[in-house]
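Before any comments, here is the structure.
The values are calculated or read from the model by the stated rules, or taken from the named source; none is laboratory data. Being a predicted model, the structure only gives us computed values, none of them experimental. Cβ sites come from the backbone with ideal geometry, for glycine too, and all protein chains shown count toward neighbours.
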Amino acid sequence: MIAFRYLRTRRQEGFISVIAWFSLLGIALGVATLIIVMAVMNGFREELLTRILGLNGHISVYANQGQLTAYDKLAAQLKRLDGVINVTPMIEGQVMVTSRGASQGAIIRGIRPTDLLKRDILASNIVSGNLRDFNGTNKVIIGQRMADKLGVNVGDKITLISPKGSVTAFGTMPILKAYQISATFNIGMFEYDSSFVFMPLNAAQVYFKLRGAVTNLEVFGSNPDAAPALGENIRIDMGSKVKVHDWQHANANFFNAIEVERNVMFLILTLIIIVAAFNIISSMIMLVKDKGKDIAILRTMGATRGMIMRVFFLAGASVGTIGTIAGFGLGLLFATNIEIIRQWIQGFTGTELFAAEIYFLSKLPAVVDPSEVITVVIMGLGLSFAATLYPSWRAAQTDPAEALRYE
């Protein structure tokens, strides 16, 4: 009762109450910002992981020299290993795509139509056209962003130019061939939507002159995090005739950058809560000084030092607790609706806040991790409680005689 009475605004200690309110607001904003930023960083990692592993294998197996021949036999051998779910023969190559005077670089992926249908992230994100038309020797599937840039639609033709052409007396002649677009996709990752072209495996073998061979085998395991161990098992089983690369090494730059940024942002934003905690200390010290006479009277009436300490501890801790709870609610509300809020701000200001060309994803992701939220809340409460200890101790050490003498 006494603690909450001290927190209520009165004319003579109005400035102290204002500082307490600013402390509460600072802790709320710090906790909310920390929850939001951690959710966005988790969202980035999960979205990138989902798209990268949805479109690429967990492990890629290459021949030590040249291409992989008898690839179906090798695929059957790999499928017998523990932890291997599926193996997909693949042809990869770089080309130039041209149409209607526009051109850009692209990555060709030759894959069997049956294997393409198993890539759920691609099959469920077809914008136009139909995957059933993905067959023959002159059909391709391209990303929607590439189609927009080239100004083409389903049914139109694009020309693929490969620098690895035929050697003639006049030099190497690049391979030029026109293909019809059977479908377009948009998986929400800029790099894939703007630069990937899928082609039936037999058509890719003809185009790249790899009859009876593929460039690599994509292996999907039961646990993506166990890819390095599975890759080591593949090396042991297949010997020195193959090279093995897992997704963690292939995309290490992406995920290392996200992890470093996440840790740095956590440390920086924690400073907001620490600053708010210092505001609690200053406001409580001022309150103790202002209530010196009240403390002396309470002591003369029989209040112990522990009772006085608890009064001011409750007064300061309530500011931190209310601020932390408010920040918790605000952070969760913002994180769960962050894409709607981004769209609203973007429409209101008329500026693009989240360019897919820069951030790789077309939507702002957010994934709330309960353990991280609990950590942030405990940290907010812990700093708030720690900030009240010294002022409460100072209040408990007040000498009643000295306080009443100066009053």
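This table checks each residue for (1) within 30 Å of LEU271 (Cβ to Cβ); (2) at pLDDT below 85; (3) out of contact with any strand residue (DSSP E or B) (no Cβ under 8 Å at 6 or more places or on another chain); (4) not basic (Lys, Arg).
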{"residue": "ILE35", "(1), (2), (3), (4)": "yes, no, yes, yes"}
{"residue": "GLY83", "(1), (2), (3), (4)": "no, no, no, yes"}
{"residue": "GLU92", "(1), (2), (3), (4)": "no, no, no, yes"}
{"residue": "ALA102", "(1), (2), (3), (4)": "no, no, yes, yes"}
{"residue": "GLY105", "(1), (2), (3), (4)": "no, no, no, yes"}
{"residue": "GLY110", "(1), (2), (3), (4)": "no, no, no, yes"}
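Have a look at ILE281, ILE268, ILE273 and point out the one that is at pLDDT 70 or above and surrounded by fewer than 17 Cβ atoms within 10 Å (Cβ to Cβ).
Criteria check complete, one pass: ILE268.
Would you mind listing the helices (runs of 4 or more DSSP H) fully within segment 295-370 where at least 2 residues are out of contact with any Cys (no Cβ under 7 Å at 6 or more places or on another chain), modelled with pLDDT under 70 and not small (Gly, Ala, Ser)?
The helices (runs of 4 or more DSSP H) meeting that bar are 356-359.
For the structure I just gave you, tell me whether GLU218 is within 20 Å of LYS118 (Cβ to Cβ) and not aromatic (Phe, Trp, Tyr).
Spelling it out, GLU218 is indeed within 20 Å of LYS118 (Cβ to Cβ) and not aromatic (Phe, Trp, Tyr).
Exactly one condition in (1) in contact with an Asp or Glu (Cβ under 9 Å, 6 or more places away or on another chain); (2) among the hydroxyl-bearing types (Ser, Thr, Tyr); (3) surrounded by fewer than 19 Cβ atoms within 10 Å (Cβ to Cβ) is not met by SER99; state its number.
Evaluating SER99 over (1) in contact with an Asp or Glu (Cβ under 9 Å, 6 or more places away or on another chain); (2) among the hydroxyl-bearing types (Ser, Thr, Tyr); (3) surrounded by fewer than 19 Cβ atoms within 10 Å (Cβ to Cβ) leaves (3) as the failure.
Could you tell me which numbered condition ILE258 fails, if it satisfies all but one of (1) under 20 Å from the mean Cα position of the chain (by Cα); (2) more than 14 Å from SER60 (Cβ to Cβ); (3) without any contact (Cβ under 8 Å) to a residue 60 or more places away in the chain?
(3)
Per-residue answers, yes or no, for (1) outside any strand (DSSP E or B); (2) out of contact with any Lys or Arg (no Cβ under 8 Å at 6 or more places or on another chain); (3) hydroxyl-bearing (Ser, Thr, Tyr):
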{"position": "VAL40", "(1), (2), (3)": "yes, yes, no"}
{"position": "LEU48", "(1), (2), (3)": "yes, yes, no"}
{"position": "ARG51", "(1), (2), (3)": "yes, yes, no"}
{"position": "SER60", "(1), (2), (3)": "no, yes, yes"}
{"position": "ASP72", "(1), (2), (3)": "yes, yes, no"}
{"position": "ALA76", "(1), (2), (3)": "yes, yes, no"}
{"position": "ASN86", "(1), (2), (3)": "no, no, no"}
{"position": "MET96", "(1), (2), (3)": "no, yes, no"}
{"position": "ARG109", "(1), (2), (3)": "no, yes, no"}
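Tell me the residue from LEU78, LEU53, LEU68, LEU48 that is under 10 Å from the mean Cα position of the chain (by Cα) and hydrophobic (A, V, I, L, M, F, W, C), please.
After ruling out the rest, the residue left standing is LEU48.
Considering (1) at pLDDT 85 or above; (2) closer than 30 Å to ILE268 by Cβ, say which one VAL61 fails and leave the rest.
For VAL61, the exception is condition (2).
GLN104 - would you say it is outside any helix (DSSP H, G or I) and either free of Cβ contacts under 8 Å to residues at least 60 places away in the same chain or of a type in the set (Val, Ile, Thr) (or both)?
Judged against the criteria, GLN104 is not a match.
Do you know which residues across segment 41-93 are among the polar types (S, T, N, Q), surrounded by fewer than 18 Cβ atoms within 10 Å (Cβ to Cβ) and in contact (Cβ under 8 Å) with a residue 24 or more places away in the chain?
The answer is THR50, ASN64, GLN67, THR69, GLN77, ASN86.
When segment 209-227 is examined, which residues are found to be surrounded by fewer than 21 Cβ atoms within 10 Å (Cβ to Cβ) and over 11 Å from SER60 (Cα atoms)?
LYS209, LEU210, ARG211, GLY212, ALA213, SER222, ASN223, PRO224, ASP225, ALA226 - these are the residues of segment 209-227 that are surrounded by fewer than 21 Cβ atoms within 10 Å (Cβ to Cβ) and over 11 Å from SER60 (Cα atoms).
Residues in segment 254-265 that are surrounded by 15 or more Cβ atoms within 10 Å (Cβ to Cβ) and not aliphatic (A, V, I, L, M): how many?
Going through segment 254-265 one residue at a time, the tally reaches 3.
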